[in-house]
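What follows is a single structure, written as structure tokens, with notes after it.
The values are calculated or read from the model by the stated rules, or taken from the named source; none is laboratory data. Only a predicted model underlies this, so the values are computations on that prediction, with no experimental measurement involved. So basically every Cβ, Gly included, is an ideal-geometry build from the backbone, and we count neighbours across all protein chains shown. Quick note on the areas: whole protein, heavy atoms, side chains included, nothing else; ligands and nucleic acids left out. Shrake-Rupley method; radii C 1.70, N 1.55, O 1.52, S 1.80 Å.
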Amino acid sequence: MKVESKRDEHFNKENKIGWLRHVRKQKNVVFCSLYDGSTDKHLQVVADPQICHEELCTGCSVEVGGSLVPSQGRGQAVELQADHLSIVGPCDNEVYPIKPKTEYTADQLRAFPHLRARTILHQKLLRIRSTASMAVHKYFLDNHFLFVHTPITTSVDCEGAGETFSIKTGEELKPGAGGSDGPGHFFNSPTYLTVSGQLHLEVITGSFLKAYSFGPTFRAEKSPGRHHLAEFYMIEAEVAFTQSMECILQVMEGLVKSMTQSVLDSHEGEVEDLWKHSQVSDQMSYSDAIKILENKKDNFKESPKWGCDLSKEHEKFLVKHCGNVPVFVTDFPTEIKPFYCRQNEDHATVGAVDLLVPGVGELCGGSLREERHDILRPSLDNLGLTQPYHWYLELRQFGSVPHGGFGLGFERYLQCLLGIHNIKDTIPFPRWVQHCPL
Ligand code: 4AD
Ligand code: MG
């Protein structure tokens with residue numbers, strides 16, 4: 001009998017590790033809320049002040065042992081009655097910038113990027129970001145796509161927009177280097193951080209039907225608004241043997257719905273402002289979009305005009321115009337899209353698509369790719385790119401097939417999904433012009 005109750009006692013014992021969010025001290029008892037990042041719930045720890053000789057306070061890391069018992073307090077079913085509690089790392093609350101029971105704005109939190117992952121808000125974001133990332137892989141696995149690691153360093157500027165970051169070694173950066181007796185380029189040619197893995201994915205879909213990548217991409221956006229980062233994660237998909245845009249739209253839509261469903265399934269109750277519009281989407285051509293915008297041209301700072309890119313305000317207007325649902329805009333003028341887009345029969349537009357979504361505007365950019373050598377070659381000649389893209393042209397000479405794909409900005413997706421005002425709050429370590437603090 002005695003042995004039994006000893007064993008019961010042993011099994012009811014819990015050891016916990018984590019950090020303290022709040023500490024409330026009374027004369028004979030201390031209440032602490034303990035978290036370990038796994039959920040947004042805290043474990044209330046109740047301790048006799050005698051068992052901890054060091055200063056318990058917000059931010060310190062602890063080890064606690066005790067018994068889980070039903071809680072008298074509101075907001076939790078159980079609490080931990082501590083019988084030992086030790087501080088692993090103390091936290092000087094005089095200088096610790098995160099004060100208990102204080103609500104910080106996202107702007108304030110950005111001032112301490114090394115500490116904001118300790119706040120309830122950012123922990124929630126990081127968990128959702130992790131779930132959505134896993135959902136990306138699940139979607140593509142279920143749909144028989146090959147996962148490809150496209151390179152971070154590259155000698156091509158896929159989008160041709162000149163927003164590349166150049167790569168230089170320490171040697172090359174030394175004063176006087178790069179002259180006739182300087183060290184030259186490490187790679188023997190100018191190289192950049194990738195702006196998109198698309199062209200490399202196209203190499204792979206020269207021998208696989210479907211492939212995708214999901215990794216960091218870099219753009220030197222000099223005047224970033226609240227929708228641009230210098231380093232962001234892009235999901236890119238490429239499908240071979242497809243002549244229709246419909247197939248590309250289906251993959252885009254399938255991916256977005258699947259990520260959203262996973263977040264809903266795993267974060268029930270955690271996500272209040274979830275984007276509810278992923279079920280319905282609208283579709284229009286660029287030319288029709290321009291007609292709609294021209295009818296309302298007094299609403300815009302920049303006048304909409306056929307042949308010009310859609311601005312953020314145009315994109316957002318189109319989404320509202322369609323009832324605040326995602327909108328596919330297709331068939332853009334050739335001049336405003338990159339060289340790789342497939343020419344349409346009208347010779348004025350290309351088979352390109354942008355997916356516009358509420359609150360954000362452009363979420364995905366994609367296209368059918370020009371697979372015909374006799375059409376691609378002159379476009380590259382005109383741009384003076386035939387030499388650096390000789391390998392890309394060869395893909396059109398050796399078993400070329402109609403194909404297409406798209407890129408989805410992962411942070412813009414989270415921004416839209418969670419109603420986050422500034423994209424800098426969707427990524428743990430945001431980088432933008434003049435900002436790369438750690
Ligand atoms: O429209 P983009 O430039 O398309 C491409 O790079 C294609 N090569 C992709 C492909 O077809 N494989 O970029 C794709 C998406 C945009 O729609 C946007 O969501 C996101 O990437 N994006 C950015 N997100 C955050 N910060 C930036 N500076 C971004 N630039 C693009
Ligand atoms: Mg785009």
Worksheet item: What pairs come up if the first residue lies in region 85-111 and is β-branched (Val, Ile, Thr), the second is in a loop (DSSP other than H, G, I, E, B) and open to solvent by 30 Å² or more (accessible area, probe 1.4 Å), and their beta carbons are under 6 Å apart, counting only those six or more places apart or on different chains?
Response: 87/54
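Regarding region 199-212, can at least one residue be identified that is in contact with a Pro (Cβ under 9 Å, 6 or more places away or on another chain) and not in a helix (DSSP H, G or I)?
Scanning region 199-212 turns up no residue that is in contact with a Pro (Cβ under 9 Å, 6 or more places away or on another chain) and not in a helix (DSSP H, G or I).
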Worksheet item: Does region 302-310 contain at least one residue that is touching a residue at least 40 places away in the same chain (Cβ under 8 Å), acidic (Asp, Glu) and within 14 Å of ligand 2 (Cβ to nearest atom)?
Response: no
Practice prompt. Report whether or not residue 92 is of a type in the set (Asp, Glu) and in contact with a Gly (Cβ under 9 Å, 6 or more places away or on another chain).
Written response: yes
Worksheet item: Pick from region 70-83 the residues that are assigned to a strand (DSSP E or B) and over 15 Å from residue 21 (Cβ atoms): which of them is least open to solvent (accessible area, probe 1.4 Å)?
Response: 82
Worksheet item: Can you name every residue in region 50-97 that is touching a Lys or Arg at 6+ places or on another chain (Cβ under 7 Å) and either among the aromatic types (Phe, Trp, Tyr) or under 12 Å from residue 32 (Cα atoms) (or both)?
Response: 58, 64, 80
Worksheet, complete the sentence: Residue set 33, 86, 67; condition closer than 30 Å to residue 417 by Cβ, open to solvent by less than 50 Å² (accessible area, probe 1.4 Å) and part of a strand (DSSP E or B); output residue 33
Discussion item. Within region 231-253, take every residue that is of a type in the set (A, V, I, L, M) and within 16 Å of ligand 2 (Cβ to nearest atom) and give me the one that is nearest to residue 432 (Cα to Cα).
Written reply: 234
Worksheet item: Does residue 40 fit the bill of being in contact with a Cys (Cβ under 9 Å, 6 or more places away or on another chain) and either surrounded by fewer than 15 Cβ atoms within 10 Å (Cβ to Cβ) or assigned to a loop (DSSP other than H, G, I, E, B) (or both)?
Response: no
Discussion item. Going by what's in this entry, would residue 311 be described as open to solvent by 60 Å² or more (accessible area, probe 1.4 Å), among the polar types (S, T, N, Q) and under 23 Å from the mean Cα position of the chain (by Cα)?
Written reply: no
Response to the item:
Flagged in region 134-180 as at positive phi, modelled with pLDDT under 95 and away from ligand 2 (no atom under 16 Å from the Cβ), in numbering order, are 176, 178
Fill in: Residue under evaluation residue 297, criteria (1) within 16 Å of ligand 1 (Cβ to nearest atom); (2) in contact with a Ser or Thr (Cβ under 8 Å, 6 or more places away or on another chain), criterion not met
(1)
Fill in: Count of residues meeting criterion [among the basic types (Lys, Arg) and under 36 Å from the mean Cα position of the chain (by Cα)] in region 22-73
1
Worksheet item: Taking the condition aromatic (Phe, Trp, Tyr) and more than 30 Å from residue 402 (Cα to Cα), does residue 186 pass?
Response: yes
Worksheet entry | Residue selected from region 48-64 under the condition modelled with pLDDT under 95 and not in a loop (DSSP other than H, G, I, E, B), by the criterion surrounded by the fewest Cβ atoms within 10 Å (Cβ to Cβ) | 50
Item to complete: Six or more apart or on different chains, Cβ under 8 Å: which pairs go from a residue in region 118-132 that's open to solvent by less than 40 Å² (accessible area, probe 1.4 Å) to one that's among the β-branched types (Val, Ile, Thr) and assigned to a helix (DSSP H, G or I)? Could you list them?
Response: 128/263; 131/263; 132/263
Response to the item:
Scanning region 141-151 residue by residue, those within 16 Å of ligand 1 (Cβ to nearest atom) and either open to solvent by less than 70 Å² (accessible area, probe 1.4 Å) or touching a helix residue (DSSP H, G or I) at 6+ places or on another chain (Cβ under 8 Å) (or both) turn out to be 145, 146, 147, 148, 150, 151
Worksheet entry | Sole residue being touching a strand residue (DSSP E or B) at 6+ places or on another chain (Cβ under 7 Å) and within 20 Å of residue 406 (Cα to Cα), chosen from 396, 369 | 369
Practice prompt. Sort out which residues of region 329-343 are open to solvent by 10 Å² or more (accessible area, probe 1.4 Å) and either over 12 Å from residue 367 (Cβ atoms) or assigned to a helix (DSSP H, G or I) (or both), and write them in order of number.
Written response: 334, 335, 336
Worksheet item: When you go through 40, 48, 36 one by one, which is the residue that is in contact (Cβ under 8 Å) with a residue 60 or more places away in the chain and not hydrophobic (A, V, I, L, M, F, W, C)?
Response: 40
Response to the item:
Within region 352-404, residues part of a loop (DSSP other than H, G, I, E, B), of a type outside the set (A, V, I, L, M, F, W, C), more than 16 Å from ligand 1 (Cβ to nearest atom) and open to solvent by 40 Å² or more (accessible area, probe 1.4 Å) come out as 372, 384, 387, 388, 397, 399, 400
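Taking region 356-371 only, how many residues are of a type in the set (A, V, I, L, M, F, W, C), within 10 Å of ligand 2 (Cβ to nearest atom) and in contact with a Cys (Cβ under 8 Å, 6 or more places away or on another chain)?
The number of residues fulfilling the criteria is 1.
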